[in-house]
Structures are given as structure tokens and as C-alpha cells.
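Peer 1: Take this structure first; my questions come after.
Taken together, the values in this text are just the output of simple stated rules run on the coordinates, not laboratory data. Given the structure is predicted, the values throughout are model-derived calculations rather than measurements. Cβ placement follows ideal geometry from the backbone for every residue including glycine, while neighbour counts extend to all protein chains displayed.
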Amino acid sequence: MFDAAFRDEVESVLIGLAEKDARITAAAVVGSRAHTAGDRWSDIDLTFAVEADPVTVLDSLAGELGSRFDGIALFDLQAGPIVYRVFLLPGGLQVDLSVTPAEDFAPRGDTFRLLFGQANEAVMPPPRDDADTFGHAVHHAVRARVCIERDRLLQAEYWISSLRNETLALASRRAGVQDWHARGAHLLPAELQGRFADALVRSLDRAEVERALGVAISLLLKEGDPGPVLVERLISLAPVGRP
């Protein structure tokens with residue numbers, strides 16, 4: 001794995017490049033290291049305001065990461081006016097860069113530390129909807145049951161994992177910890193973490209896959225708010241309970 005000195009060197013170079021690039025009018029640290037030191041394994045997450053084509057600026061930064069640090073671009077993602085590009089560097093160091101037109105550059109959460117330039121008023125995303133999350137979880141439970149009946153057990157495991165992840169988001173919100181990508185899961189009570197561990201599929205034996213589905217459904221019934229009809233329909237998908 002990479003060491004913190006290498007991470008700090010890469011971050012310092014990127015910030016220096018941004019400060020010298022006339023197309024970049026502002027920069028900020030986002031993510032876990034915006035307001036904390038992070039830890040030994042924290043990655044680099046920088047965002048920039050630009051007065052140019054965002055992809056062109058990202059291409060320039062990608063060239064520097066490639067030539068100086070052997071960085072490889074993994075994928076781009078566009079969310080509204082923001083373009084994200086994710087890189088992997090030697091030692092498993094991940095670098096997440098995002099670029100936004102200057103007129104739209106603003107904090108979009110509470111993990112934002114301005115390095116230079118100016119940002120607009122914060123744009124806070126709406127909270128995730130519990131009913132929507134629960135609905136997705138139910139969908140995943142149904143797909144898992146169908147895959148079991150089709151004897152597609154590896155695909156069933158995929159849907160059980162998806163069901164478990166949506167339920168984990170519900171449990172995290174109930175506990176008042178971060179629900180996105182299980183960032184607060186380690187703060188849940190040990191007993192609840194243990195129940196989520198019980199919902200892991202341990203082999204592709206049909207009985208084991210059905211057992212894991214039953215545990216995952218029991219967790220969903222506890223963390224969600226289904227009506228009696230939906231409870232009955234969920235229970236019908238698999239035996240419910242702890243192993």
C-alpha cells in the first residue's frame with residue numbers, strides 16, 4: 001500500500017498545478033480529509049472550479065498524473081454540472097478529481113474545505129428517502145428469490161448483497177450515522193453488525209443462499225416500515241430469522 005508521504009506529495013503537486021492553471025479559478029478538498037487529517041488509508045479528493053471545458057482540464061491533470069506518478073484513469077462520471085474522474089496510482093492510492101464550471105462551483109455537503117478562490121453558496125442535496133430505499137430493498141429480495149428458483153445462485157448472492165446494502169443504509173439513518181457507502185456502519189451497535197454479518201452468503205449451496213436471504217429479509221422488516229400485506233409477501237420469499 002502507498003504511504004502518507006506519497007499521498008501528500010501527489011496532493012501537493014495537484015494543488016500546485018491548479019494554482020498555476022489560469023483555467024482553474026478555485027479549488028477545495030472534499031471528502032474525509034476536508035476537516036480531519038483522515039487516516040493512513042485515506043485517498044485524495046479534490047474539486048476545482050474552471051472557466052474552460054471541464055473535460056479538457058481533467059485531461060491536462062490526467063496527463064500530469066500519468067507522467068509524474070504513473071496514474072491510470074479508471075472512469076468518468078457526470079452529475080449535473082460536475083465531471084468526476086477517478087484515478088489509481090501505484091500502491092493502491094486512489095485520486096478523485098472533480099471539475100465544475102465556476103458559476104456552479106459550491107459546497108455540496110459538509111465535507112468541503114476551500115483551498116483558494118471563491119465558492120458559491122452551498123447546495124445541499126436532499127436527504128435520501130427511506131421509502132425509496134425500502135422499495136429498492138424489496139425489489140432486490142424478490143429478484144434474489146427468483147434467482148434461487150432458477151438455480152442461478154451466484155446471481156442470487158448479488159441481489160442478497162444489494163438487499164443487505166439498502167437495509168444497512170436504513171439502519172445507519174436510524175442510528176444517526178452516515179449511510180452512504182456504509183461509511184458509518186462501524187459505529188452501529190455490535191449486535192446489529194453481527195446480524196448483518198449473518199446475512200452474508202457463505203457458500204453457493206442453495207440452502208445457504210436461502211438462509212442468508214431469510215436473515216436479510218428479517219433485517220429489512222426490522223429496519224423498514226412495511227404494512228402488514230408487504231410483511232406477509234416478504235416473509236413468503238424465504239424463511240425469516242437468525243441462523
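Peer 1: Once the convex hull of the alpha carbons of segment 130-235 is built, what does its volume come to per residue, in cubic angstrom? Could you put the intermediate results ahead of the total?
Peer 2: Numbers: hull volume 9.5 nm³, N = 106.
Taking only Cα atoms, segment 130-235 has a hull volume of 90 Å³ per residue.
Peer 1: Any chance you could list P(r) for segment 139-193, counting all Cα-Cα pairs in 10 angstrom bins from zero, rounded to whole %?
Peer 2: P(r) over segment 139-193, rounded to whole percents: 27, 38, 27, 9.
Peer 1: Which of Ile44, Ile72, Ile160 has the fewest other C-beta atoms within 10 Å, and how do the rest follow up to the most?
Peer 2: Numbers: Ile44 21, Ile72 13, Ile160 29.
Ordered from fewest to most neighbouring Cβ atoms within 10 Å, Ile44, Ile72, Ile160 come out as Ile72, Ile44, Ile160.
Peer 1: If each of Ala197 and Val142 carries a label point 7 Å out from its Cα toward its Cβ, how far apart are those two points in nm?
Peer 2: 3.4 nm
Peer 1: Okay, helix-only estimate at 222 nm for the chain: each DSSP H run of n ≥ 4 adds -39500 (n - 2.57), divide by all residues, round to 500 deg cm²/dmol; what do you get? All intermediate terms of the calculation are to be shown ahead of the outcome.
Peer 2: Numbers: 7 runs with 111 residues, N = 243.
Rounded to the nearest 500, the figure is -15000 deg cm²/dmol.
Peer 1: Which FRET efficiency value, to the nearest 0.05, is calculated for Leu221 and Arg150 with the Förster distance at 22 angstrom and r the Cβ-Cβ distance? Let's see the in-between values first.
Peer 2: Numbers: r = 25 Å, r/R0 = 1.12.
Efficiency, from the Cβ-Cβ distance: 0.35.
Peer 1: Could you put Ile15, Ile24 in order, starting from the residue whose Cβ has the fewest other Cβ atoms within 10 Å? The partial results should precede the final answer.
Peer 2: Details: Ile15 17, Ile24 22.
Least to most surrounded, the residues fall as Ile15, Ile24.
Peer 1: With just the Cα atoms defining each centre, how far is segment 118-164 from segment 76-92? Give it in Å.
Peer 2: Result: 23 Å between the Cα centres.
Peer 1: Continuing with the same structure: Return the Rg/Rh ratio of segment 46-119 with Cα-based radii and a Kirkwood Rh. The partial results should precede the final answer.
Peer 2: Details: Rg = 12.5 Å, Rh = 12.9 Å.
With Rh from the inverse mean 1/r over Cα pairs, Rg/Rh is 0.97.
Peer 1: To continue, here is another question. Give me Leu93, Leu204 sorted ascending by neighbouring Cβ count inside 10 Å, so fewest comes first.
Peer 2: Values: Leu93 21, Leu204 11.
Listing Leu93, Leu204 from fewest to most nearby Cβ atoms yields Leu204, Leu93.
Peer 1: With a length cut of 27 Å (Cα positions projected on each helix's long axis) and a Kyte-Doolittle mean of at least -1.0, go through the chain and give me the DSSP H helices that pass.
Peer 2: Numbers: long enough: 130-149 (29 Å, -0.03); 153-175 (32 Å, -0.09).
In the chain, the long hydrophobic H runs are 130-149, 153-175.
Peer 1: Quick one: length gained pulling Leu187 to Ser32 fully straight, 0.36 nm per residue minus the C-alpha distance? Could you put the intermediate results ahead of the total?
Peer 2: Details: separation 155, 0.36 × 155 = 55.80 nm, distance 1.58 nm.
Contour length minus Cα-Cα distance gives 54.2 nm.
Peer 1: Let me ask you something else. Kirkwood hydrodynamic radius of the chain from all distinct Cα pairs, in Å? Don't skip to the end; give the middle numbers.
Peer 2: On the way: mean 1/r = 0.0490 Å⁻¹.
Here the Kirkwood hydrodynamic radius works out to 20.4 Å.
Peer 1: For segment 1-84, which trypsin sites (Lys or Arg not before Pro) pass both filters: DSSP loop (anything but H, G, I, E, B) and at most 16 other C-beta atoms within 10 Å? All intermediate terms of the calculation are to be shown ahead of the outcome.
Peer 2: Details: sites: Arg7, Lys20, Arg23, Arg33, Arg40, Arg68; in loops: Arg23, Arg33, Arg40.
Passing both the DSSP loop test and the Cβ count: Arg40.
Peer 1: Can you tell me the dipole magnitude for segment 4-116 around its Cα centre, using point charges on the Cβ only (Lys, Arg +1; Asp, Glu -1), in Debye to the nearest 20? Walk me through the intermediate numbers first.
Peer 2: Working: 9 positive and 18 negative charges, 40 e Å.
Roughly 200 debye, rounded to the nearest 20.
Peer 1: Also, quick follow-up: What FRET efficiency would be calculated for the residue pair Glu64, Ser236, taking the C-beta separation as r and a Förster radius of 51 Å, to the nearest 0.05?
Peer 2: Details: r = 57 Å, r/R0 = 1.11.
After rounding to 0.05, the efficiency reads 0.35.
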